Amino acid sequence: MKSYRQELTFNIPSRRGFINITPQVEECLQKSGIREGLVLVNPLHITASVFINDDESGLHDDFDRWLERLAPHEPVTQYRHNTGEDNADAHLKRQIMGREVVVAITEGKLDFGRWEQIFYGEFDGRRKKRVLIKIIGE
Amino acid sequence: MKSYRQELTFNIPSRRGFINITPQVEECLQKSGIREGLVLVNPLHITASVFINDDESGLHDDFDRWLERLAPHEPVTQYRHNTGEDNADAHLKRQIMGREVVVAITEGKLDFGRWEQIFYGEFDGRRKKRVLIKIIGE
Amino acid sequence: MKSYRQELTFNIPSRRGFINITPQVEECLQKSGIREGLVLVNPLHITASVFINDDESGLHDDFDRWLERLAPHEPVTQYRHNTGEDNADAHLKRQIMGREVVVAITEGKLDFGRWEQIFYGEFDGRRKKRVLIKIIGE
């Protein structure tokens, strides 16, 4: 069994945002030389998500408004976590969008359907954040 | 390390529906010959989920009504994604139910509690969809 | 490839509660002797979650009140699943919080960011429940 590890770093200038990181994951997979196995991708933070969905800006707007409806940022005083912080909503939003994705690797490629793309979802940005890519296989 | 890959196909005649796919995953595991490892099961589409819960029709009705409350299909114009499409709600529902499951394989079997069953959750049906099963282990 | 399996058991005296199980997962990882790979942690039940977030009691209160808002326990008659049972809301809450986590193992340790901690989330407690830890790697 082989394993490979790499980190990506992001600094999103707004509180929330979505970035398509599929090219970086594919590049990492090429470097690993692994042909059959699994790749795990997750943020190393608890106010962000890695998820798989569509690369369509209208949908990303829908996600943002929908998450704000289900777990609003304001008023920040509605959350007991917000004593000295204001990011409780980010911890909640990340639970809906999920922490991590696990993707199959087949014949050296991400084993994806036509529209599947991997996103980093930021819910408490404006600072440096890291994403972990871990690949195991052969 | 061994790996095994198989696809399942579904064509659910309604917009939404849940199918218990545990027997197909078990059959795939038998074919793989893998005794210890992990199995990943995910749709190859972004308007569907694979999840683990109870095989009880009342609960499935509850899921459907609950998802409609959290991410309603109508009015379709509330979503910016719906320009020429009407499935934005399906992309949202899939985030709540999750994309994939990873299940332990122990002594050649799905390492499950008594009530755990794997479901394909369709949120934009009436066309052919595929599910990927990827097994790694020994 | 090596694999290792262990179960944890919990009996939370209230209907709902969160327990930090990171120390138990780390102990299990030490016993496994696995240095590079993946660990899967999931409940063997369908009314509980394993998830990764912050070990902060205010946030846990926020999670509990938020989940009650999105999938209320009362009135129990609103759910078709509740014929002889009253735990439909627990099945729904578990979908938001997720079933399982998959964590990278690097140099014999959980490959975590500074604040990542693994929690068992109980939504239908007051009885014995089990959590599965499955590790694969080398």
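The values are calculated or read from the model by the stated rules, or taken from the named source; none is laboratory data. Everything quoted here is computed from the prediction, not taken from an experiment. All Cβ positions, even for glycine, are placed from backbone atoms using ideal geometry, and neighbour counts span all protein chains on display. Accessible surface areas use protein heavy atoms only, side chains included; no ligands, DNA or RNA. Shrake-Rupley method; radii C 1.70, N 1.55, O 1.52, S 1.80 Å.
Points worth noting:
- Virtual spin-label span in nm between residue A:27 and residue A:138, 7 Å along Cα→Cβ: 3.0
- Flagged links, alpha-carbon separation over 27 Å, of B:2/B:128; A:31/C:109; B:31/B:128: B:2/B:128
- Shielding value for A:105-114 is 3, the average number of Cβ atoms from other chains within 10 Å of each residue's Cβ.
- Cα→Cβ-extended label distance, 7 Å offset, between residue C:76 and residue B:35, nm: 4.5
- Cα centroid of region B:8-45 to Cα centroid of region B:46-87, whole Å: 20
- Using a Förster distance of 41 Å, the FRET efficiency for residue B:126-residue A:109 (Cβ separation, nearest 0.05): 0.90
- In the calculated pair-distance distribution of region A:1-43, the portion above 12 angstrom amounts to 66 percent of the Cα-Cα pairs.
- For residue B:12, net neighbour charge (Lys/Arg +1, Asp/Glu -1) across residues whose Cβ lies under 12 Å away: +4
- Between C:114, C:65, C:94, the Gaussian network model of chain C with springs among Cα atoms under 10 angstrom shows the greatest mean-square fluctuation at C:114.
- As computed over the protein assembly as shown, the Cα convex hull volume per residue (Å³): 132
- The mean number of partner chain beta-carbon atoms within 10 angstrom of a residue's beta-carbon across peptide C:66-77 is 2.
- Chain A pair-distance distribution - Cα-Cα, 5 Å bins, rounded %: 2, 10, 19, 21, 18, 12, 8, 5, 3, 1, 0
- Chain B: most fluctuating residue of B:75, B:23, B:43 per GNM, C-alpha cutoff 10 Å: B:75
- Cα-based convex hull, region C:1-72, per residue volume (Å³, whole number): 123
- Candidates B:76, B:25, B:102: whichever shows maximal mean-square fluctuation once chain B is modelled as a Gaussian network with Cα springs under 10 Å: B:76
- Coupling constants for region B:58-68 follow from the phi torsions by the Karplus curve (6.51 cos²θ - 1.76 cosθ + 1.60, θ = phi - 60°), and in residue order they are x, 5, 5, 4, 4, 4, 5, 5, 5, 5, 5 Hz; glycine and proline get x.
- Loop-located GluC sites (Glu not before Pro) in region B:70-116 whose Cβ has at most 15 other Cβ within 10 Å (DSSP): B:107
- Surface listing: A:9, B:77 arranged by accessible area from highest to lowest gives B:77, A:9, probe 1.4 Å.
- 10 Å Cβ neighbours from other chains, averaged over peptide B:89-97: 5
- Across chain C, the relative contact order, built from alpha-carbon pairs under 8 Å that are at least six residues apart, equals 55 percent.
- Degrees between helix B:22-32 axis and first principal axis of chain B (Cα, 0 to 90, nearest 10): 40
- Quotient of Cα Rg and 2.2 N^0.38 Å for region A:69-138, N being how many residues it contains: 1.50
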